[in-house]
Amino acid sequence: MKLPLYLTVFKTHNALKNCTRPRMAVYGLSPGQPKILRYLSKRDHWMQKELANACEISAATVSNLLSKMEEAGLITRSEAQDDRRAGSISITDAGRKAIEAWNEECFTIEARGLQGFSEEEKEAFADYLSRMYKNLSGKEIE
């Protein structure tokens with residue numbers, strides 16, 4: 001019997017997570033940190049609330065992740081120039097190196113997962129997932 005799509009997506013997500021999570025420690029990362037580093041690598045001086053919204057995780061989770069990332073030297077925090085009550089978060093050189101290496105690892109895992117797919121199928125698959133995300137979240141996927 002064919003599985004419902006939601007179970008297929010769920011099982012595929014878990015298989016992907018099971019391939020990636022054990023490799024994170026090699027790059028000095030833990031779950032949740034790569035997502036934050038990806039956003040920080042796109043621009044400097046994010047506010048914690050902005051990161052929480054962009055990463056679609058709670059402010060408390062972001063706060064916990066950022067504390068560990070600061071201790072590891074992956075990010076820095078500074079006083080925001082226009083609001084003394086808020087802090088600004090930026091990626092360090094170590095954080096940039098970690099996310100670049102992590103991205104390469106993810107591309108390798110992605111290539112493994114997409115073996116046997118034509119370029120057209122890869123594009124269509126990405127389009128289908130992006131459309132599904134937009135239908136469920138109301139947002140474009142970043």
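The values are calculated or read from the model by the stated rules, or taken from the named source; none is laboratory data. If you're wondering where the values come from, they're calculated on a predicted model, not measured in any experiment. Here the Cβ positions follow ideal geometry from the backbone for every residue, glycine too, while neighbour counts run over all protein chains shown. Heads up: the accessible areas ignore ligands, DNA and RNA and are worked out on the full protein's heavy atoms, side chains in. Shrake-Rupley method; radii C 1.70, N 1.55, O 1.52, S 1.80 Å.
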Checked against (1) out of contact with any Ser or Thr (no Cβ under 8 Å at 6 or more places or on another chain); (2) under 20 Å from PRO31 (Cα atoms); (3) open to solvent by less than 90 Å² (accessible area, probe 1.4 Å), GLU104 satisfies every condition except (3)
Within the stretch 15-28, track down each residue that is out of contact with any Lys or Arg (no Cβ under 8 Å at 6 or more places or on another chain), surrounded by 12 or more Cβ atoms within 10 Å (Cβ to Cβ) and under 10 Å from GLU105 (Cβ atoms).
THR20, ARG23, MET24, TYR27
If a residue must be free of Cβ contacts under 8 Å to residues at least 60 places away in the same chain and surrounded by 12 or more Cβ atoms within 10 Å (Cβ to Cβ), how many such residues does the stretch 109-128 contain?
7
Any residue at all in the stretch 44-67 that's touching a helix residue (DSSP H, G or I) at 6+ places or on another chain (Cβ under 7 Å), small (Gly, Ala, Ser) and over 27 Å from LYS139 (Cα atoms)?
no
Given (1) in contact with a Ser or Thr (Cβ under 6 Å, 6 or more places away or on another chain); (2) β-branched (Val, Ile, Thr); (3) open to solvent by less than 60 Å² (accessible area, probe 1.4 Å), where does ILE89 come up short, assuming only one miss?
(1)
For the stretch 129-142, which residues satisfy the criterion of being open to solvent by 100 Å² or more (accessible area, probe 1.4 Å) and part of a loop (DSSP other than H, G, I, E, B)?
GLU140, GLU142
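For the stretch 29-48, enumerate the residues that are of a type outside the set (A, V, I, L, M, F, W, C) and touching a residue at least 12 places away in the same chain (Cβ under 8 Å).
SER30, GLY32, GLN33, PRO34, LYS35, ARG38, TYR39, SER41, ASP44, HIS45, GLN48
GLU71: farther than 18 Å from GLY32 by Cα and either touching a residue at least 24 places away in the same chain (Cβ under 8 Å) or open to solvent by 30 Å² or more (accessible area, probe 1.4 Å) (or both), yes or no?
no
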Selection within the stretch 11-28 - without any contact (Cβ under 8 Å) to a residue 12 or more places away in the chain and touching a Leu at 6+ places or on another chain (Cβ under 9 Å)
LYS11
